[in-house]
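What follows is a single structure, written as structure tokens, with notes after it.
The values are calculated or read from the model by the stated rules, or taken from the named source; none is laboratory data. Remember, predicted model here, so these are calculated numbers, not experimental data. So basically every Cβ, Gly included, is an ideal-geometry build from the backbone, and we count neighbours across all protein chains shown. Ligands, DNA and RNA are excluded from the accessible area calculation, which covers all protein heavy atoms including side chains. Shrake-Rupley method; radii C 1.70, N 1.55, O 1.52, S 1.80 Å.
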Amino acid sequence: FGDNKKLLIFKLEEVSVMSRGQGVTLQKYNKGGMSDIKTFNLEEGLTWRMGGSEGRTRTETDLEMWTGRRANAGKFLPKGFPNRRSFD
């Protein structure tokens with residue numbers, strides 16, 4: 001997800017292997033850049049730590065809204081996602 005508070009989920013196979021010194025666009029941004037990135041098993045869902053000192057976690061399994069093609073802009077983060085803009 002990016003600094004623009006948008007999340008994009010795509011298959012790892014969409015990331016091509018480039019020769020040295022070249023880059024691959026993962027997500028499109030108007031302003032800002034990437035905030036954090038995580039790989040996960042789609043069947044298990046996307047898990048992140050909630051805010052607060054309780055150490056609670058949340059797992060979202062219905063991810064269709066945020067699924068798209070690599071290099072798209074993505075959709076706004078799910079409700080309850082922490083403001084620290086990090087999965088950890």
> Which of the residues belonging to the stretch 1-40 are of a type in the set (Phe, Trp, Tyr) and closer than 22 Å to ASP62 by Cβ?
Replying inline: PHE1, PHE10, PHE40
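Within the stretch 13-22, which residues are within 17 Å of PHE40 (Cβ to Cβ) and open to solvent by 60 Å² or more (accessible area, probe 1.4 Å)?
GLU13 - this is the single residue of the stretch 13-22 that is within 17 Å of PHE40 (Cβ to Cβ) and open to solvent by 60 Å² or more (accessible area, probe 1.4 Å).
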>> Name the single residue that is most open to solvent (accessible area, probe 1.4 Å) among those in the stretch 38-56 being at pLDDT 90 or above and part of a loop (DSSP other than H, G, I, E, B).
In response: GLU43
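Quick one: is SER86 of a type in the set (Ser, Thr, Tyr), assigned to a loop (DSSP other than H, G, I, E, B) and open to solvent by less than 50 Å² (accessible area, probe 1.4 Å)? If you could, list the steps in order and put the result at the bottom.
Numbers: of a type in the set (Ser, Thr, Tyr): yes; assigned to a loop (DSSP other than H, G, I, E, B): yes; open to solvent by less than 50 Å² (accessible area, probe 1.4 Å): yes.
When the stated conditions are applied, SER86 passes them.
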>> Just to be sure I understand the filter: pairs with C-beta atoms under 8 Å, separated by 6 or more residues or on different chains, first member in the stretch 16-29 and at negative phi and in a loop (DSSP other than H, G, I, E, B), second member at pLDDT 80 or above and surrounded by fewer than 10 Cβ atoms within 10 Å (Cβ to Cβ). Which pairs pass?
In response: VAL24/SER16
> Yes or no: THR25 among the polar types (S, T, N, Q), touching a helix residue (DSSP H, G or I) at 6+ places or on another chain (Cβ under 8 Å) and open to solvent by 70 Å² or more (accessible area, probe 1.4 Å)?
Replying inline: no
>> Going by what's in this entry, would PHE10 be described as open to solvent by less than 90 Å² (accessible area, probe 1.4 Å), in contact with a Lys or Arg (Cβ under 6 Å, 6 or more places away or on another chain) and of a type outside the set (A, V, I, L, M)?
In response: yes
> Which of the residues belonging to the stretch 68-81 are more than 10 Å from the chain's Cα centre (by Cα), within 15 Å of LYS6 (Cβ to Cβ) and open to solvent by less than 100 Å² (accessible area, probe 1.4 Å)?
Replying inline: GLY68, ARG70, ALA71, ASN72, ALA73, PRO78, PHE81
